[in-house]
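Remarks on the structure that follows.
The values are calculated or read from the model by the stated rules, or taken from the named source; none is laboratory data. This one's a predicted model, so the numbers in the text were calculated from it and none came from an experiment. Cβ: placed from backbone, ideal geometry, glycine included. Neighbour counts: every protein chain shown.
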Amino acid sequence: MTITRRACTAALSLTGLAALAHFSPLRPVVGAMAQSAADVAKPVALPDMALGPADASVTITEYAAATCPHCAAFNRDVFPKIKSEYIETGKVRYVLREFPLNMKDAACSMLARRIASDDAGKYFAVVDLLFKQQDALIEDTTETLTRIGTQAGLSPQAVEECINDQALLDRITADRKYAVEVLKVEGTPTFFINGEMIRGGRPFVEFDKKIKSLLKS
(Lines give C-alpha, C1' and ligand atoms only; values in the text may rest on other atoms or scores of the structure.)
Protein backbone atom coordinates (compact mmCIF):
# COMPACT_ATOMS: atom_id res chain seq x y z
CA MET A 1 0.00 0.00 0.00
CA THR A 2 1.39 3.40 -0.98
CA ILE A 3 0.61 6.35 1.25
CA THR A 4 0.15 9.48 -0.83
CA ARG A 5 0.49 13.12 0.17
CA ARG A 6 -3.27 13.49 -0.22
CA ALA A 7 -3.89 10.52 2.08
CA CYS A 8 -1.41 11.85 4.62
CA THR A 9 -3.03 15.28 4.70
CA ALA A 10 -6.50 13.78 5.02
CA ALA A 11 -5.40 11.39 7.74
CA LEU A 12 -3.98 14.14 9.90
CA SER A 13 -7.42 15.71 10.11
CA LEU A 14 -9.01 12.50 11.41
CA THR A 15 -9.10 10.61 14.68
CA GLY A 16 -8.55 6.89 14.93
CA LEU A 17 -5.62 6.99 12.50
CA ALA A 18 -4.65 3.45 13.40
CA ALA A 19 -7.44 2.37 11.04
CA LEU A 20 -4.96 2.99 8.23
CA ALA A 21 -3.87 -0.59 7.74
CA HIS A 22 -0.36 0.25 6.62
CA PHE A 23 0.40 1.95 9.91
CA SER A 24 -1.78 -0.10 12.24
CA PRO A 25 -0.39 -0.93 15.70
CA LEU A 26 1.08 -4.40 15.92
CA ARG A 27 0.85 -6.74 18.85
CA PRO A 28 4.15 -7.99 20.32
CA VAL A 29 5.03 -11.51 19.19
CA VAL A 30 7.21 -13.40 21.62
CA GLY A 31 10.16 -15.21 20.09
CA ALA A 32 10.82 -13.00 17.08
CA MET A 33 14.54 -12.41 16.59
CA ALA A 34 16.57 -10.28 14.24
CA GLN A 35 18.58 -12.25 11.69
CA SER A 36 21.88 -10.79 12.88
CA ALA A 37 23.53 -7.79 14.46
CA ALA A 38 24.67 -6.80 10.97
CA ASP A 39 21.04 -6.62 9.84
CA VAL A 40 20.25 -4.26 12.71
CA ALA A 41 23.28 -2.08 12.02
CA LYS A 42 22.33 -1.53 8.39
CA PRO A 43 20.63 1.82 7.60
CA VAL A 44 18.10 1.36 4.79
CA ALA A 45 16.42 4.40 3.25
CA LEU A 46 17.30 7.12 5.77
CA PRO A 47 20.62 7.84 7.50
CA ASP A 48 20.76 6.84 11.14
CA MET A 49 20.36 9.47 13.82
CA ALA A 50 22.78 8.46 16.57
CA LEU A 51 24.50 9.77 19.68
CA GLY A 52 27.80 8.43 20.96
CA PRO A 53 30.96 7.26 19.19
CA ALA A 54 30.63 5.09 16.11
CA ASP A 55 33.25 2.68 17.51
CA ALA A 56 31.56 2.20 20.90
CA SER A 57 31.61 -1.41 22.05
CA VAL A 58 27.87 -1.33 22.77
CA THR A 59 25.23 -0.10 20.33
CA ILE A 60 21.60 0.33 21.32
CA THR A 61 19.06 0.76 18.53
CA GLU A 62 15.57 1.88 19.48
CA TYR A 63 12.46 1.77 17.29
CA ALA A 64 9.92 4.28 18.58
CA ALA A 65 6.72 6.13 17.69
CA ALA A 66 5.81 9.65 18.76
CA THR A 67 2.30 8.76 19.93
CA CYS A 68 3.36 5.62 21.85
CA PRO A 69 2.94 6.26 25.61
CA HIS A 70 5.48 3.56 26.47
CA CYS A 71 8.06 5.27 24.26
CA ALA A 72 7.32 8.59 25.96
CA ALA A 73 7.72 7.01 29.40
CA PHE A 74 11.05 5.47 28.39
CA ASN A 75 12.21 8.80 26.98
CA ARG A 76 11.29 10.52 30.26
CA ASP A 77 12.41 7.97 32.83
CA VAL A 78 15.14 5.78 31.35
CA PHE A 79 16.87 7.39 28.37
CA PRO A 80 18.33 10.36 30.33
CA LYS A 81 20.14 7.92 32.63
CA ILE A 82 21.51 5.90 29.71
CA LYS A 83 22.61 9.15 28.08
CA SER A 84 24.44 10.55 31.10
CA GLU A 85 26.06 7.31 32.24
CA TYR A 86 26.90 5.61 28.96
CA ILE A 87 26.42 7.78 25.86
CA GLU A 88 28.12 10.94 27.12
CA THR A 89 30.96 8.86 28.56
CA GLY A 90 31.63 7.29 25.16
CA LYS A 91 30.68 3.75 26.12
CA VAL A 92 27.46 3.43 24.12
CA ARG A 93 26.29 4.46 20.68
CA TYR A 94 22.54 5.08 20.65
CA VAL A 95 20.56 4.92 17.42
CA LEU A 96 16.94 6.12 17.26
CA ARG A 97 14.77 4.95 14.36
CA GLU A 98 11.19 5.72 13.41
CA PHE A 99 8.53 3.01 13.58
CA PRO A 100 5.26 4.86 12.91
CA LEU A 101 2.10 3.19 14.16
CA ASN A 102 -0.16 5.66 12.35
CA MET A 103 -0.01 8.73 10.15
CA LYS A 104 0.39 11.05 13.13
CA ASP A 105 3.62 9.26 13.98
CA ALA A 106 4.76 9.50 10.36
CA ALA A 107 4.12 13.26 10.31
CA CYS A 108 6.05 13.71 13.56
CA SER A 109 9.00 11.78 12.17
CA MET A 110 8.96 13.82 8.98
CA LEU A 111 9.02 17.10 10.90
CA ALA A 112 11.81 15.90 13.20
CA ARG A 113 13.91 14.92 10.18
CA ARG A 114 13.20 18.25 8.48
CA ILE A 115 14.10 20.38 11.50
CA ALA A 116 17.23 18.40 12.34
CA SER A 117 18.53 17.91 8.81
CA ASP A 118 21.74 15.92 9.45
CA ASP A 119 22.20 17.08 13.05
CA ALA A 120 21.63 14.06 15.30
CA GLY A 121 21.73 16.12 18.48
CA LYS A 122 19.02 18.39 17.19
CA TYR A 123 16.99 15.36 16.05
CA PHE A 124 17.03 13.85 19.54
CA ALA A 125 16.04 17.24 20.99
CA VAL A 126 13.05 17.50 18.64
CA VAL A 127 11.97 13.93 19.44
CA ASP A 128 12.19 14.73 23.15
CA LEU A 129 9.94 17.76 22.58
CA LEU A 130 7.45 15.65 20.63
CA PHE A 131 7.23 13.13 23.46
CA LYS A 132 6.75 15.90 26.01
CA GLN A 133 3.85 17.25 23.94
CA GLN A 134 2.39 13.83 23.17
CA ASP A 135 -1.12 14.60 24.45
CA ALA A 136 -1.34 17.73 22.32
CA LEU A 137 -0.02 15.84 19.29
CA ILE A 138 -2.69 13.18 19.63
CA GLU A 139 -5.46 15.73 20.17
CA ASP A 140 -4.48 18.16 17.40
CA THR A 141 -1.55 16.93 15.35
CA THR A 142 -1.42 19.60 12.68
CA GLU A 143 -1.65 22.56 15.05
CA THR A 144 0.95 21.12 17.42
CA LEU A 145 3.40 20.27 14.63
CA THR A 146 2.96 23.74 13.17
CA ARG A 147 3.74 25.30 16.54
CA ILE A 148 6.82 23.14 17.05
CA GLY A 149 7.99 23.82 13.51
CA THR A 150 7.62 27.57 13.78
CA GLN A 151 9.45 27.57 17.12
CA ALA A 152 12.30 25.84 15.28
CA GLY A 153 12.35 28.54 12.62
CA LEU A 154 10.11 27.04 9.93
CA SER A 155 7.21 28.92 8.41
CA PRO A 156 3.72 27.37 8.62
CA GLN A 157 3.97 26.76 4.87
CA ALA A 158 7.27 24.94 5.31
CA VAL A 159 5.72 22.73 7.98
CA GLU A 160 2.82 21.90 5.68
CA GLU A 161 5.20 21.11 2.83
CA CYS A 162 7.20 18.88 5.18
CA ILE A 163 4.29 16.71 6.28
CA ASN A 164 3.20 16.44 2.63
CA ASP A 165 6.66 15.35 1.44
CA GLN A 166 5.88 12.10 -0.39
CA ALA A 167 9.54 11.22 -0.98
CA LEU A 168 10.36 11.46 2.73
CA LEU A 169 7.24 9.49 3.66
CA ASP A 170 8.25 6.77 1.20
CA ARG A 171 11.67 6.49 2.85
CA ILE A 172 10.17 6.25 6.34
CA THR A 173 7.79 3.59 5.00
CA ALA A 174 10.70 1.65 3.50
CA ASP A 175 12.57 1.69 6.80
CA ARG A 176 9.49 0.49 8.65
CA LYS A 177 8.99 -2.30 6.12
CA TYR A 178 12.58 -3.45 6.64
CA ALA A 179 12.13 -3.39 10.41
CA VAL A 180 9.03 -5.56 10.17
CA GLU A 181 10.18 -8.02 7.52
CA VAL A 182 13.87 -8.42 8.35
CA LEU A 183 14.27 -7.43 11.99
CA LYS A 184 10.84 -8.77 13.08
CA VAL A 185 9.90 -5.57 14.92
CA GLU A 186 6.29 -5.88 16.01
CA GLY A 187 5.62 -2.81 18.14
CA THR A 188 7.12 0.07 20.08
CA PRO A 189 9.37 0.53 21.80
CA THR A 190 11.64 -2.22 20.51
CA PHE A 191 15.36 -2.20 21.32
CA PHE A 192 18.37 -4.02 19.96
CA ILE A 193 21.48 -4.15 22.14
CA ASN A 194 24.37 -5.34 20.00
CA GLY A 195 21.76 -7.08 17.86
CA GLU A 196 19.79 -8.73 20.66
CA MET A 197 16.12 -7.78 20.63
CA ILE A 198 14.36 -6.46 23.73
CA ARG A 199 10.64 -5.79 23.42
CA GLY A 200 8.83 -3.11 25.36
CA GLY A 201 9.87 -0.48 27.85
CA ARG A 202 12.19 -1.72 30.59
CA PRO A 203 13.54 -0.01 33.72
CA PHE A 204 17.02 1.47 33.68
CA VAL A 205 18.35 -1.30 35.94
CA GLU A 206 17.81 -3.87 33.17
CA PHE A 207 19.62 -1.77 30.57
CA ASP A 208 22.36 -1.04 33.08
CA LYS A 209 22.91 -4.72 33.81
CA LYS A 210 22.99 -5.66 30.13
CA ILE A 211 25.34 -2.83 29.14
CA LYS A 212 27.76 -3.60 31.96
CA SER A 213 27.86 -7.29 31.02
CA LEU A 214 28.71 -6.39 27.41
CA LEU A 215 31.37 -3.90 28.44
CA LYS A 216 33.06 -6.58 30.53
CA SER A 217 33.03 -9.18 27.75
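Couple of notes before you dig in:
- The numbered conditions (1) acidic (Asp, Glu); (2) crowded, with 23+ Cβ neighbours inside 10 Å; (3) under 19 Å from Leu214 (Cα atoms) are all true for Glu98 except (3).
- Output for segment 195-213, where each listed residue is surrounded by fewer than 17 Cβ atoms within 10 Å (Cβ to Cβ) and over 22 Å from Cys68 (Cβ atoms): Asp208, Lys209, Lys212, Ser213
- All of Ala120, Ala72, Ala106 fail the test of being of a type outside the set (Phe, Trp, Tyr), touching a Phe, Trp or Tyr at 6+ places or on another chain (Cβ under 7 Å), farther than 20 Å from Ile198 by Cα and at pLDDT 95 or above, apart from Ala106.
- Of all residues making up segment 31-53, the number that are part of a loop (DSSP other than H, G, I, E, B) and either closer than 26 Å to Met103 by Cα or at pLDDT 95 or above (or both): 11
- Segment 43-74, residues that are out of contact with any strand residue (DSSP E or B) (no Cβ under 7 Å at 6 or more places or on another chain) and either free of Cβ contacts under 8 Å to residues at least 40 places away in the same chain or closer than 28 Å to Ser217 by Cβ (or both): Pro43, Asp55, Ser57, Phe74
- Residue within segment 111-118 that is touching a strand residue (DSSP E or B) at 6+ places or on another chain (Cβ under 6 Å) and touching a residue at least 60 places away in the same chain (Cβ under 8 Å) present: no
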